[in-house]
Amino acid sequence: MRGTNQEFGRPYNRRIVLETVRLHAPISRGEIAKRVGLTVQTVSTIIRELEQRGFVLGSREQPRSRGYPPTALTINPAGGFAIGLHVTPVSIDAALIDLAGTVIGKKRRELRPATPEASFAAIAELTREMRSLRVNGRMLGVGMAIPGPFGVDSMSFVGPTTLQGWAGIPIAERLSEVTGLTGFVGVDLAAAALGERLYGAGRALRNFYYLYFGVGLGGCMVHDGQPLRGAFGNAGEIGHLPLVPDGDPCPCGNRGCLERYLSLDAFERRSGQIGREAWLAEAAPLLRVAIATVENLFDPETIILGGLAPEPVLKDLIAAASPLYNSVAGRRDRTQPRLMLSAQGEDSVLRGAAALAVSGLLSPRFGAMFVDDDALPAHDPLLAPQSPNEAAA
Ligand SMILES: [Zn+2]
């Protein structure tokens, strides 16, 4: 990420500085300047503005022997809030998340099936409840994570691991309409990977694979800090790898798809039929194949397993998958385990969903669309007051 003095201008530079603080806090003005290629003076001007608007906090350590240590800049957690929504085929989770990614409050509503009408009614209500937790907070937007893939006739909104009956619904529009907030929609597995990258173990890793154990099974390679999305945003449907020849028919039209055996849908279906231990014995060899496949294709530092499934189920799966197959991951100089459990539980999706909104509104890409402040839309959240009270004053 580099700032620029000519091409884009202020809205872009403001965002690139804020993004750098978000990703690398605590960080000094000098370090930001080095990272984004702007002068310390320009960075200082922008930081002053971001501090005044309540997005950034500066703290200075006690001076030691001589001179002052540089101010450590961090994100002001109360500088803004976003709502994260996770819609699955059987439930809706909502959470209010602050700028530091902390979950302020959350709530789940069971919905079987999660039809569009019932879902948007529940979303309107849940959003109202979440907003009431911080009535004076600067509400940035709402992000919603749903199962993919998008735009594939045979797979989108088809089968029990997708939102059946949602084809043709203008989801982002309806979301903005019922919540009164700027809405962003993303695939659940990518949102979960984003949550892990920003707030979980991914903060310390540049290259990792997030294996998302949801109602279906998905995955996302985070390469050099960025989720790999593919040409059409659908990279990650690892659950539809047809791994079992002549296996279970899958609603996608193939047989033996991985998520027919390895997913929350499969866990609930199969452990009901054959028992939990037999399911583990059936699923573990397939997880082993998936792990070796991912490792040989992407060479990640580690694979992080997370998602909707209860933690004991994921722990048992990891134990049952051992010993793993040999792959390019079998290095002596490894510093990370090959397969690890996400420490975030189900929150990674909700935090990632909220981050879709925060990043969508505050990211440099958004700023790059505008040359100067006069061209920005009137509702630009980065120029909005920190609280409605302040707006009234
Ligand atoms: Zn399939």
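Numbers at a glance
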quantity: Boolean, Val294 is among the β-branched types (Val, Ile, Thr) and more than 27 Å from His86 (Cβ to Cβ); calculated: no
quantity: Conditions (1) within 25 Å of the chain's Cα centre (by Cα); (2) within 23 Å of Ala191 (Cβ to Cβ); number of the one not met by Cys252; calculated: (1)
quantity: Failed condition for Val222, given (1) within 11 Å of the ligand (Cβ to nearest atom); (2) part of a strand (DSSP E or B); calculated: (1)
quantity: Residues satisfying the stated conditions in the range 346-367, i.e. over 13 Å from the mean Cα position of the chain (by Cα) and farther than 15 Å from Leu99 by Cα; calculated: Pro364, Arg365, Phe366, Gly367
quantity: Members of the range 243-278 that are of a type in the set (Lys, Arg) and away from the ligand (no atom under 11 Å from the Cβ); calculated: Arg269, Arg270, Arg276
quantity: Top-ranked residue of the range 123-160 - restricted to ones that are within 16 Å of the ligand (Cβ to nearest atom) and over 18 Å from Gly233 (Cβ atoms), ranked as most open to solvent (accessible area, probe 1.4 Å); calculated: Pro160
quantity: Per-region count, the range 255-286, residues surrounded by 16 or more Cβ atoms within 10 Å (Cβ to Cβ), more than 11 Å from Gly216 (Cα to Cα) and in contact with a Gly (Cβ under 8 Å, 6 or more places away or on another chain); calculated: 1
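The values are calculated or read from the model by the stated rules, or taken from the named source; none is laboratory data. Note that the coordinates shown come from a computational prediction; the quantities given were computed from them, not determined experimentally. Cβ coordinates were reconstructed from backbone atoms using ideal geometry, including for glycine residues, and neighbour counts include every protein chain displayed. Each accessible area value is taken on the protein alone, full model and side chains, heavy atoms only, with ligands, DNA and RNA left out. Shrake-Rupley method; radii C 1.70, N 1.55, O 1.52, S 1.80 Å.
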